[in-house]
Amino acid sequence: MSWKPFIKFWFKECGPDQWFFKKRKAFDRLLRKRFLSLYSEVVRGEHADWRKSPKGRLAEIIIVDQLSRNMFRGTSGMFAYDALGLALAQEALRAGADKGMSQWERVFMYLPFMHTESKKIQRESLRLFKSIGDKQNTWYARDHKKIVDRFGRYPHRNRILGRKSTPAEKKFMRTHKGY
């Protein structure tokens, strides 16, 4: 299978409301129905040939980093392949795959940096999002970085990942909705 139908779906049939702003069960179900098999193939490395193309690389990154958050919402599966998504994004940047991409394409290529619980990589995330020049996404990158700088992780993931929250994290979660 080619990466092209997925990229067309993601950027032509979907938009910010589906991607970020509304957590819709119907959209999650649609993604599972249409792309669960493809997701499984990608995380097994069966579409590494897509990396010959910048958009193919982007498709792999979105499938690993974003589809997991929809298809496995509320479970540890949301984060199961975050390290793979980050490695794919780092490899893509080393290859210059983000050059010439649209703003939204770059956002999705950079999101694995924002999703990591590494302070070092959060600094890179903020730099990348600033380079786009979009205030809203830069604000989100800065907010994610502040959380990881403060706690070393995302406290809102603790329950799902079976981690014990500290008193400071519990207090924080009462005032911050999380991501």
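Against the 2.2 N^0.38 Å scaling, with N counting residues, where does the stretch 116-179 land? I'd like the Cα-based Rg ratio to two decimal places. All intermediate terms of the calculation are to be shown ahead of the outcome.
Details: Rg = 12.5 Å, N = 64, 2.2 N^0.38 = 10.7 Å.
Normalised by 2.2 N^0.38 Å, the Cα Rg of the stretch 116-179 equals 1.17.
Given the pairs Lys120/Lys164; Lys130/Lys177; Lys8/Lys170, which span a C-alpha to C-alpha distance of over 31 angstrom in this model?
Values: Lys120/Lys164 23 Å; Lys130/Lys177 23 Å; Lys8/Lys170 41 Å.
Result: Lys8/Lys170 exceed 31 Å.
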Handout entry: Candidates Asp28, Asp65, Asp82, ranked by Gaussian network fluctuation over the chain, Cα under 10 Å, top entry
Key = Asp28
Problem - Residue among Glu117, Glu41, Glu13 with the largest mean-square fluctuation in a Gaussian network model of the chain, springs linking Cα atoms under 10 Å - result: Glu13
Practice task
Based on a Kirkwood Rh over C-alpha pairs, give the Stokes-Einstein translational diffusion coefficient of the stretch 12-85 at 10 °C and viscosity 1.306 mPa s in µm²/s.
Solution key: 125 µm²/s
Exercise for the section: Name the residue, out of Ala48, Ala89, Ala141, whose mean-square fluctuation peaks in a Gaussian network model built on the chain with Cα pairs under 10 Å. Expected result: Ala48
Problem - Rg and Dmax [Cα atoms of the stretch 1-132; Å; Rg one decimal, Dmax integer] - result: 13.8, 37
Exercise for the section: Using the Karplus curve 6.51 cos²θ - 1.76 cosθ + 1.60 with θ = phi - 60°, work out ³J(HN,Hα) for each residue of the stretch 38-46 in order, rounded to whole Hz, and write x for Gly and Pro. Expected result: 4, 4, 4, 5, 5, 5, 7, x, 6
Problem - the chain - mean residue ellipticity at 222 nm from DSSP helices (-39,500 (n - 2.57) per run, n ≥ 4, rounded to 500) - result: -18000 deg cm²/dmol
Practice task
Between the alpha-carbon centers of the stretch 104-123 and the stretch 6-74, tell me the distance in whole angstrom.
Solution key: 16 Å
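Label the stretch 75-145 by shape, choosing from rounded, prolate and oblate, from the square roots a ≥ b ≥ c of the eigenvalues of the Cα gyration tensor; if a/c is under 1.5 it is rounded, and otherwise prolate applies when a/b is larger than b/c, oblate when it is not.
Cα axes put the stretch 75-145 in the oblate bin.
Here, each number is a calculation from the coordinates, and none is a lab measurement. What you see is a predicted model; the values in this text were computed from it and never measured.
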